[in-house]
Amino acid sequence: MPLLETLEGWSFRLFGGIAPFFLKRVYNCKHSLEKAMIKIYPETYISLMLFVAMLTIPVTVIAAILLLIFGFLPLLFLVPLPFYVMAGFLAAPLSKASDRASGLEREMPFAAAYISVMASGGIAPYTSFKRLSEVELLPAMRREAREVIKDVEIFGIDPLTALEQASKKNPLDVFRDFLSGYASTVIIGGDIGHFLERKAEEIFKTRALRVKAAAERLGMLLETFIIVMVMMSLCFYILFSVDAIYSTGVSLTSGIILYTYLFTPLLSLMFIYLAHSMQPKTPVIDMRPYKVYGICGAVGIVLFLLLTNFMGLVPLPLFSSLTEIIDLPVAIAVALAVATFPPAIVHIKLAKEKAGMEQGITSFLRDLTEVRKTGLSPEKCIESLSKRDYGIFTKELRKISSEISWGIPVKKVIMQFVTRTKSWMAQLVMFLLVETIDVGGGTIAMIESLARFNSLTQEVEKEKKMAVRPYIMMPYIASLLLVATTIMMLSFTTGTLGVAGTVSPTSAPKDFSGMKTIFLTSVIFHSYLIGLVAGKISEESVAAGFKHASILVVIALLAAKILPSLVSFG
């Protein structure tokens, strides 16, 4: 930080006089910096941009001289380096504001539900913001709430004005409408509770529409990935096979290795990143499937090396007879299946527990609303409902009930459950429940509002799953298509050599077994990558792709072994 402050000071001394002219005539980045929450004066930011761009001028001059002397064209990209720096400085606030808006958009429905539920118990929205500033489950909203609290308690701004200013400086339109609408309702003397409740429901409906739109975009992304992967692979396979058969001068081994194990993984990572940027993200990530994948991946690598005798470099007598039976496609399929099958089982189990927990909590809140109407206290309601069956949540509910009966405070008991579960949705719902009990005594109106908002959340999740369900079969069809077309292409190309007259009848037949092995191995690995990307796009998690990858590897291997006996040319 002292270095940055020194750099800002020097830059302002050199370019402080030019910065106002740049802001007035070229580009005014004041609003972009505010929405990105970058705490720096616009004049200082522009001065820093010009100073860093000036420092890159020597690189540009040297690149231009070397370009003129040696004519090395890649140096041409270094000539406009100062303009790259300036473009990066101007684009950075926009990118950071977009990240701020996306993080806040994910949490906004639950924050609106929290404020609405608190308002039904007589808690002012500013007090709710003050409590949200300490909530770790909503990191983006906590950051926004702390800015509001800082304006009120440090700068002495009244709460209503602070909320209005926060809405103006925020890049998310839903957040701006929520705060500005609340301020307007207070000014005109409207029904604040009714406004907050209707606005929260509207935010949930808006989120549902955006989830549907995101599901459609993800479906198009999956279609694009499969088309690119299959068509591009077939084009490269044709190129490499023609080279191997007719010896055109292109290296088969190095080319297909670079394409299979370098280019396609990078392409898959790019599509995973695109899917990640489109999908709603949660701050809670269960790392257990990835830890199992790391361990099983190491086992799979060792197994692959043993099955291939360390790729033929270190022959082992113990595995020599086994390597004669198991070829390279089988070895890589076994290694990939070993690496992905156990973490797939772990992910399926955890996903089932997560879905069962969320469904059980939804039913529990619905029953809690009805039992609370009998006049029982929230603690007695929980004790009464612990005798019912709520699936996976039943065990946790009975544990919560027993701890409450021992005299432990409700807030402490439920927060312990929040730390145990890995479902962000379950954590939020139970946190809202404990807040309604702790702040408002768990009134019927508060619990009923909480149950209604939780039902809306579950409906959104169901609609999202239904929207992406039709795309699940596409990776399997793509894998079979890739294997079948590759085998048919190899069979047709090698089977028509004699017909084309490229091989004399008296010459010995050329052995293409090595080429076929390389191609089949590549196809199996591509099916594995298709499974990983399909899991990320369809179920918002790379861990969900483990099961698709393991199944696709087995399908590709079986197809690679069965189809050659069914397809024959020449």
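The values are calculated or read from the model by the stated rules, or taken from the named source; none is laboratory data. On a predicted model such as this, the values are computed, not experimentally measured, just so you know. All Cβ positions, even for glycine, are placed from backbone atoms using ideal geometry, and neighbour counts span all protein chains on display.
Quick notes on this one:
- Taking the criterion of being surrounded by 15 or more Cβ atoms within 10 Å (Cβ to Cβ) and either without any contact (Cβ under 8 Å) to a residue 40 or more places away in the chain or assigned by TED's automatic domain parsing to the domain that holds GLU459 (or both), the residues of segment 177-202 that qualify are ASP177, LEU179, SER180, GLY181, ALA183, THR185, VAL186, PHE195, GLU202.
- Test result for GLU34, farther than 18 Å from SER11 by Cα and exposed (fewer than 14 other Cβ atoms within 10 Å of the Cβ): no
- Checking each residue in segment 104-137 for being among the acidic types (Asp, Glu) and either over 17 Å from SER455 (Cα atoms) or part of a loop (DSSP other than H, G, I, E, B) (or both) picks out GLU105, GLU134, GLU136.
- Residue that is surrounded by the fewest Cβ atoms within 10 Å (Cβ to Cβ) [pool: residues in segment 359-372 that are among the hydroxyl-bearing types (Ser, Thr, Tyr) and within 34 Å of the chain's Cα centre (by Cα)]: SER363
- Residue within segment 509-528 that is closer than 30 Å to GLU461 by Cβ, buried (at least 21 other Cβ atoms within 10 Å of the Cβ) and modelled with pLDDT of 75 or more present: yes
- Residues (over 26 Å from ARG288 (Cβ atoms), surrounded by fewer than 19 Cβ atoms within 10 Å (Cβ to Cβ) and modelled with pLDDT of 85 or more) located in segment 373-391: LYS380, GLU383, SER384, LYS387, ARG388, ASP389
- In the set (1) in a loop (DSSP other than H, G, I, E, B); (2) at pLDDT 80 or above, HIS31 fails one condition alone, (1).
- Within segment 138-190, the set of residues being aliphatic (A, V, I, L, M), farther than 30 Å from ALA426 by Cβ and not in a helix (DSSP H, G or I) comprises ILE154, ILE157.
- A count restricted to segment 333-366 and to residues that are among the charged types (D, E, K, R) and either farther than 14 Å from GLY391 by Cα or not in a helix (DSSP H, G or I) (or both) stands at 2.
- Single residue of segment 469-508 satisfying the filter (aliphatic (A, V, I, L, M) and modelled with pLDDT under 75) that is nearest to VAL533 (Cα to Cα): LEU497
- Qualifying residue in segment 157-169 (condition: touching a residue at least 40 places away in the same chain (Cβ under 8 Å) and of a type in the set (Val, Ile, Thr)): no
- When residues of segment 353-376 are limited to those that are of a type in the set (Gly, Ala, Ser) and touching a residue at least 12 places away in the same chain (Cβ under 8 Å), the one farthest from ILE404 (Cα to Cα): GLY356
- For segment 284-341, the candidate set comprises residues that are among the hydrophobic types (A, V, I, L, M, F, W, C) and touching a Lys or Arg at 6+ places or on another chain (Cβ under 9 Å); within that set, the residue that is modelled with the highest pLDDT is PHE341.
- Residue that is more than 34 Å from the chain's Cα centre (by Cα) and more than 15 Å from THR362 (Cβ to Cβ), where the choices are ILE408, ILE414: ILE408
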